[in-house]
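Report on the structure given below.
We did not get these values from a lab; they are worked out from the coordinates using the rules stated. These numbers come from a predicted model, not from an experiment. Cβ: placed from backbone, ideal geometry, glycine included. Neighbour counts: every protein chain shown.
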């Protein structure tokens, strides 16, 4: 039987595809290998050639040239060599955006981190005594100055902080908590699950919407080791509700000689009510009220790196520090350096230097002026229609839900492209730009756009899109 002409053409084309080594010996790929490493280029070459073979089998009219193959290999190798974790521009207006890395670090924190990372440090060395020291001292002294905490420990996140405290203070015994505070936050962090894994037994009191201090008192028995209060950082119950006041719980804990622990989650260190966040308890106020142990995150309202911070009564924290799990959960020198520099800014009351604080404190008038300037430039591009409207920025997705700040939004429409197509194009930009879609329109909120340089990147991305569409 004669071989079909189509099969002949495919076989001829497959034979024209060069071998991997032949391509690697060519100048352009040798230069690429010197920049990216030979293995990166080998992997890219194999992937491109395999893709080309598959394409030829599907279409015998596929063009094959050395130049096109080399160009494709270059693009694939460059893309593979790029770090997967990369900076993005957050134009969503969500300040503590969990998917986008939560709080950006202050410049001072980055500088101190870089200094510590690139040299040796006194992480666990006492310079005065000339002997081994403790890494906790670097952050403990600053939290003592800022909040009056007797002692501070830092672990890798707040879930770890809660787990470590419960495991140390109440393993095999009971922890009393209100049913209305059995929260679940992002990443399936559930208070009941954390409690169970810690070895503590959860004793639920009250109802979902109403719990009184008498409910706690009635549940206390010889197996009780801890009273736990949890700030409902990711949900709100409204209407017919009741919750014991902090002073009531402090008095009850003292009466029965029990520690009171409060998980504050978001880690608000200064009063943010004047700036529109009205339901975030301040860490220092809990300590002053008599709470024995407070835990919270480092990368939320505090504005630092990911960490879980435990502070309060020294006798309790000494016990927690001796727990063998503490070593498994403790943080490294880079996290300590970033926290140390961030807390130093709080001590100087230099809130403008902390990106999270700066974004929260930005006025509507300031954002509106920035939106007006950028909106005018975007509106001058071919095919785009721009409008400005009042809206709301979110303090955080899972951190401070229901907490919003007034803002001025830029809404964007295009004569031929949908909002989703615009959003997709922005995500493919370098750097990627993340916006939101509301009512079929692309929306930009400049509250979370960190600088004029980022605003310029947004304009250039739309400009490129306009040119490409045309």
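Shape verdict for region 345-452, please, from the Cα gyration tensor: rounded (a/c under 1.5), prolate (a/b greater than b/c) or oblate.
On the way: a/c = 1.98, a/b = 1.80, b/c = 1.10.
Here region 345-452 falls in the prolate category.
Starting from the Cα-Cα distance between residue 179 and residue 61, subtract it from 0.36 nm times their residue separation and give me the gain in nm to one decimal. Show your work: numbers first, answer last.
On the way: separation 118, 0.36 × 118 = 42.48 nm, distance 6.82 nm.
Full extension from residue 179 to residue 61 adds 35.7 nm.
Sorted by average packing, counted as other Cβ atoms within 10 angstrom per residue and highest first, what order do 261-270, 192-201 take?
Numbers: 261-270: 24.0, 192-201: 16.9.
Most protected by this proxy first, the peptides run 261-270, 192-201.
Let me have the relative contact order for the chain, percent, based on Cα pairs under 8 Å that are six or more residues apart.
Values: 800 pairs, mean separation 87.1, N = 470.
Taking the mean separation of contacting Cα pairs over the length of the chain, I get 19 percent.
Classify region 20-127 as rounded, prolate or oblate, taking a ≥ b ≥ c as the square roots of the eigenvalues of its Cα gyration tensor: rounded when a/c is under 1.5, otherwise prolate if a/b is larger than b/c and oblate if not. List each step's numbers first, then the result.
Values: a/c = 4.14, a/b = 1.97, b/c = 2.10.
Cα axes put region 20-127 in the oblate bin.
How far, in degrees from 0 to 90, does helix 5-16 lean away from the longest principal axis of the Cα atoms of the chain, to the nearest 10?
70 degrees
Any chance you could list the semi-axes, whole Å, largest first, of the equivalent ellipsoid that the Cα gyration tensor gives for region 5-81, using √(5λ)? All intermediate terms of the calculation are to be shown ahead of the outcome.
Details: eigenvalues 126, 26, 16 Å².
Whole-Å semi-axes of the equivalent ellipsoid: 25, 11, 9.
Ranked highest first by average number of other Cβ atoms within 10 Å, how do 15-28, 204-217 line up? Please report the intermediate quantities before stating the final value.
Working: 15-28: 13.0, 204-217: 17.4.
Answer by packing, highest mean first, reads 204-217, 15-28.
With everything on Cα atoms, drop me the angle between helix 66-81 and the longest principal axis of the chain, reported from 0 to 90° to the nearest 10.
10 degrees
How big is the equivalent ellipsoid of region 52-178 along its three axes, where each semi-axis is √(5λ) from the Cα gyration tensor, reported in whole Å from largest to smallest? Don't jump to the answer; show the numbers that get you there.
Details: eigenvalues 517, 115, 57 Å².
Each semi-axis is the square root of five times an eigenvalue, giving 51, 24, 17 Å.
Could I have the simple spin-label model distance between residue 110 and residue 17, label points 7 Å from Cα toward Cβ, reported in nm to one decimal?
Output for this residue pair reads 4.4 nm.
By per-residue mean of other Cβ atoms within 10 Å, what is the highest-first order of 332-340, 52-60, 153-161? Show your work: numbers first, answer last.
On the way: 332-340: 20.3, 52-60: 14.1, 153-161: 23.7.
Packing order, densest peptide first, comes out as 153-161, 332-340, 52-60.
Which percentage, to the nearest 5, of the DSSP beta bridges contained in the chain is antiparallel? Please report the intermediate quantities before stating the final value.
Numbers: 33 of 55 bridges.
Rounded to the nearest five, the antiparallel share is 60 percent.
For region 107-350, count the residues as N, evaluate 2.2 N^0.38 Å, and divide the Cα radius of gyration by that value, please.
Details: Rg = 18.1 Å, N = 244, 2.2 N^0.38 = 17.8 Å.
Region 107-350 yields a ratio of 1.02.
Evaluate the distance, in nm, between pseudo-label points positioned 7 Å from the Cα of residue 288 and of residue 257 along their respective Cα→Cβ axes.
3.0 nm
Is the shape of region 78-145 best called rounded, prolate or oblate, per the rule: a/c under 1.5 gives rounded, else a/b larger than b/c gives prolate, else oblate, with a ≥ b ≥ c the square roots of the Cα gyration tensor eigenvalues?
Values: a/c = 3.56, a/b = 1.81, b/c = 1.97.
Verdict is oblate for region 78-145.
For residue 124 and residue 466, compute 0.36 nm times the residue count separating them, minus their Cα-Cα distance, and round to one decimal in nm. Can you show the working numbers first?
Working: separation 342, 0.36 × 342 = 123.12 nm, distance 5.56 nm.
The span from residue 124 to residue 466 would gain 117.6 nm if fully extended.
Need the full-extension length gain, residue 380 to residue 450, defined as separation in residues times 0.36 nm minus the C-alpha distance. One decimal, nm. Can you show the working numbers first?
Numbers: separation 70, 0.36 × 70 = 25.20 nm, distance 2.34 nm.
Going from the current span to full extension adds 22.9 nm.
Sort out for me the Cα centre separation of region 240-317 from region 378-440, rounded to whole Å.
35 Å
Send over the semi-axes of the chain's equivalent ellipsoid, whole angstrom and largest first, taken as the square roots of 5 times the C-alpha gyration tensor eigenvalues.
Working: eigenvalues 527, 172, 112 Å².
Largest first, the chain gives 51, 29, 24 Å.
Set the Förster distance to 35 Å, then compute FRET efficiency between residue 418 and residue 392 from the Cβ-Cβ distance, nearest 0.05.
Working: r = 24 Å, r/R0 = 0.68.
Rounded to the nearest 0.05, the efficiency is 0.90.
What angle, in degrees between 0 and 90 and rounded to the nearest 10, separates the Cα long axis of helix 246-255 from the longest principal axis of the Cα atoms of the chain?
So the helix axis and the longest Cα principal axis differ by about 50 degrees.
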